[in-house]
Amino acid sequence: QVQLVESGGGLVRPGGSLRLSCAASGSIFNLLSMSWYRQAPGKEREFVSSITWNAGSTTYINSVKGRFIISRDKAKNTVVLLMNSLKPEDTAVYYCNAVRSVATHWGQGTQVTVSL
């Protein structure tokens, strides 16, 4: 069993920054990558960013390139999403995702609201 616990969401004004963190615990083996997805009200869940666990290679959706940075701490089994220059359209529930060779896991989500 793998547990993913997200933290760091909240309310921020446009142009502000937030740091999301996801800590993985439990039977963590054969971890291939960790990612962030988001789901805005009335919309489908969409991919935001990912990082491969061993090599640390990163991928971003075009709309966040240059604003968001994903990183991982292998010793702490943690992935962090640093979100800068936030826009109202970044408002969503952000979900952590972990892909292992045998299963995929999701966190419960953390709300990010960008508003005046």
For a bin width of 10 Å, list the pair-distance distribution of the range 1-62 built from all Cα-Cα distances, rounded to whole %.
17, 44, 33, 7
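At a 1.4 Å probe radius, carbon and sulfur cover how many percent of the accessible area of the chain? Provide the component values of the computation, followed by the final result.
Details: 3030 of 6070 Å².
Percent of accessible area from carbon and sulfur atoms in the chain: 50.
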Ordered by packing density, taken as the mean number of other Cβ atoms within 10 Å over each peptide's residues, highest first, how do 33-41, 12-20 rank?
33-41, 12-20
Could you check which residue among Val48, Val64, Val102 shows the biggest mean-square fluctuation in a GNM of the chain with a 10 Å Cα cutoff?
Val102
May I ask you to give the solvent-accessible area per residue for the chain, in square angstrom, as obtained with a 1.4 angstrom probe?
52 Å²
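So for the chain, what percent of the C-alpha to C-alpha distances run longer than 26 Å? Kindly include the intermediate steps, with their values, before the conclusion.
Values: 951 of 6670 pairs.
So the pairs more than 26 Å apart make up 14 percent of the total in the chain.
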Given Val64, Ser25, Gly42, which one lies farthest toward the positive end of the charge dipole of the chain, if we put +1 on the Cβ of every Lys and Arg and -1 on the Cβ of every Asp and Glu?
Val64
What list of ³J(HN,Hα) couplings, whole Hz, do you get for the range 35-51 from phi and the Karplus terms 6.51, -1.76, 1.60, once you set θ to phi - 60° and write x for glycine and proline?
9, 10, 10, 9, 9, 8, x, x, 10, 6, 5, 10, 5, 10, 6, 9, 9
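For the range 24-116, which GluC sites (Glu not before Pro) are both in a DSSP coil and crowded by at most 12 other Cβ atoms within 10 Å? Please report the intermediate quantities before stating the final value.
Working: sites: Glu44, Glu46, Glu89; in loops: Glu44.
Sparse-neighbourhood loop GluC sites (Glu not before Pro): Glu44.
The values are calculated or read from the model by the stated rules, or taken from the named source; none is laboratory data. Just so it is clear, the structure is predicted and the values come from calculations on it, not from any experiment. Quick reminder, even Gly has a Cβ in these numbers, built from the backbone with ideal geometry, and neighbours come from all protein chains shown. Note: accessible area is taken over every heavy atom of the protein model, side chains too, but ligands, DNA and RNA are not part of it. Shrake-Rupley method; radii C 1.70, N 1.55, O 1.52, S 1.80 Å.
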